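Just so you know, all these numbers are worked out from the coordinates, no wet-lab data involved. Predicted, not measured: the structure shown is a model, and the values here were computed from it. With ideal geometry, Cβ positions are generated from the backbone for all residues, glycine too; neighbour counts draw on all protein chains shown.
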Amino acid sequence: MNDLDGYYKKSLLYTFIFLSFFFTGCANNHAKTVALSNKIAVDTPVVVKVSPGIPITYDSTKRYIYITLDDGPQNGTMTCFHVLSKLQAKASFFMIGTQVDTEKQRKKLDSIRNSYPLFLLANHSYTHANYNHYKAFYSNTDSAVRDINKAQSGMKVPLKIMRTPGNNSWGINGRVRAPALTKELTHALDSIGYKVVGWDVEWQFKNAGGCRPVESTENMVRQVEAMFNSKNAFVHNHVVLLAHDRMFQKDQYADSLSKFIETLQKDPRNVFETIDHYPGIQNNK
Ligand SMILES: [Zn+2]
């Protein structure tokens, strides 16, 4: 009798547990269905668009590389566009206002601006320091700021991220590292909310016999590795590479760019990012 009693008790308990799960489950499913249908009704017309400057979370197991290409739109811009697109390597194009002087150049500018999150358009001044007259340009901070603002609005640069022409200047959230020539301007730009981005490694070019890269792909990969292993980068574990679109316009040099990226992509630690995701820039003031 005691055993039987125990059996009924257990059966009742199990039945109760089963029914509890059953009803709770139904209730939850019902709630989910309602929530889901509401969500669909509300969300359907919204087109999801990623905007430049949305913060990312850094992965401590990764190393971040920022390819930056200066002086476009120019010959070689679309070569870089195609090589980088094919390899899905993010990059930033620092462009010059006066370079946008034809419909063809305007289209290149638009192609870059419209390719975010793969590519980011950034500001490299309107006149490139009055066509490389660096001393005169940087000695007048107010007119230099006007020049940079003109490029910013004229090219519809999405974020206040710029690079000083011909000089490696850094100015991010009050931290300035710049040569004497550009120091005053860099502070002025920083104070009005620009992020002034320099570079850690440069892939140089030569104009003799058509514009071409100076260093080999292997050399550049080694330089990037060395920068990661040193404490010399502006921010450790984040390496900014400077190159110019026009270096890669010939097929053989476009191949150098491909090979450089493919070699770095073989290391799973390496991540290519756009410069809006560089530390201190993503939280734009
Ligand atoms: Zn330049």
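Normalising the Debye intensity of the range 187-280 to I(0), with uniform scatterers on Cα atoms only, and taking log10 at q = 0.18, 0.19, 0.26 Å⁻¹ returns -0.91, -0.99, -1.41. Distances between placed amide hydrogens fall under 5 Å for Trp170 paired with Arg177, Ala178, all partners being 5 or more residues away or on another chain. Kindly flag which residue pairs out of Lys108/Lys266; Lys90/Lys183; Lys156/Lys231; Lys49/Lys86; Lys90/Lys266; Lys107/Lys150 have an alpha-carbon separation exceeding 27 Å in this structure. As for pairs spanning more than 27 Å Cα to Cα, those are Lys108/Lys266; Lys90/Lys183; Lys156/Lys231. Extension gain for the segment Ile56 to Arg269, taken as residue separation times 0.36 nm less the Cα-Cα distance, is 75.1 nm to one decimal. Computed from label points 7 Å out along Cα-Cβ, the spacing between Ala136 and Val235 is 3.7 nm.
Its residue count N fixes a reference of 2.2 N^0.38 Å for the range 98-147, and the Cα radius of gyration divided by that reference is 1.39.
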